[in-house]
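First comes the structure, then the notes that go with it.
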Amino acid sequence: MLQLIHVPLEKPDPLPAEVALRVERLTLAKRLWRGIAEDGTEFGFELAGPLKDGDPFWQTSTARYVVRQHPEAVVEVSLEVAPSAAAGIGWAIGNLHLELSAEPTRLLAPDEPAVRQLLDRLKVPFKATTAVFRPGRFARGNLPTQELGPGHRH
């Protein structure tokens, strides 16, 4: 039986065992989608806003269902050597119209040839890895239009 989900759980009980519903990042960005949890339970999602990795969305007496985003190929730039360079690196990657995830000790960007070439050209050391990629709130139109100012469109 398909369970229809409209909102994540606000106060889940941490005691039931976690059952993951594994999903790609781009699916998580959608409002309408379907998925099957690891135990075979099928869910339909009709959401007002996107879910994110780790959100619990359904619970029974024996299971707490949680969204788990698939890791993906990314390039990692450590900020331990030059944290002051983060803004410039972020601007350069954003200028390629690509998404960026900024964390306290590192920047993550999609592992694409354009990103690798840019970082090589800027002489920014990086490493290829896999991680759960969560672009910042300004990526792909996530900035509310009222913050952009009247009449501003990009």
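Structure values in brief
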| read-out | value |
| --- | --- |
| Percentage relative contact order, the chain, counting C-alpha pairs under 8 Å, at least six apart | 21 |
| Sequence-separation-based contact order of the stretch 72-138, relative, with Cα cut under 8 Å and 6+ spacing, percent | 48 |
| DSSP loop GluC sites (Glu not before Pro) with at most 13 other Cβ within 10 Å excluded, longest remaining stretch of the chain | 81-154 |
| Structure-derived Rg and Dmax of the Cα atoms in Å - corresponding label in [x] 14.5, 45; [y] 17.1, 54; [z] 18.4, 55 | [z] |
| Over the stretch 72-138: Kirkwood hydrodynamic radius from C-alpha pairwise inverse distances, Å | 11.6 |
| Computed magnitude of the charge dipole of the chain (debye, nearest 20; Cβ of K, R +1, Cβ of D, E -1) | 440 |
| At R0 = 25 Å, FRET efficiency that the Cβ-Cβ distance of Glu38 and Val132 yields, to 0.05 | 0.90 |
| Footprinting exposure proxy for Ile93, Ile5, Ile36 (fewest neighbouring C-beta atoms within 10 Å first) | Ile36, Ile5, Ile93 |
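Values in this text are rule-based calculations from the coordinates and carry no lab data. These numbers were taken from a predicted model, which means no experiment stands behind them. Quick reminder, even Gly has a Cβ in these numbers, built from the backbone with ideal geometry, and neighbours come from all protein chains shown.
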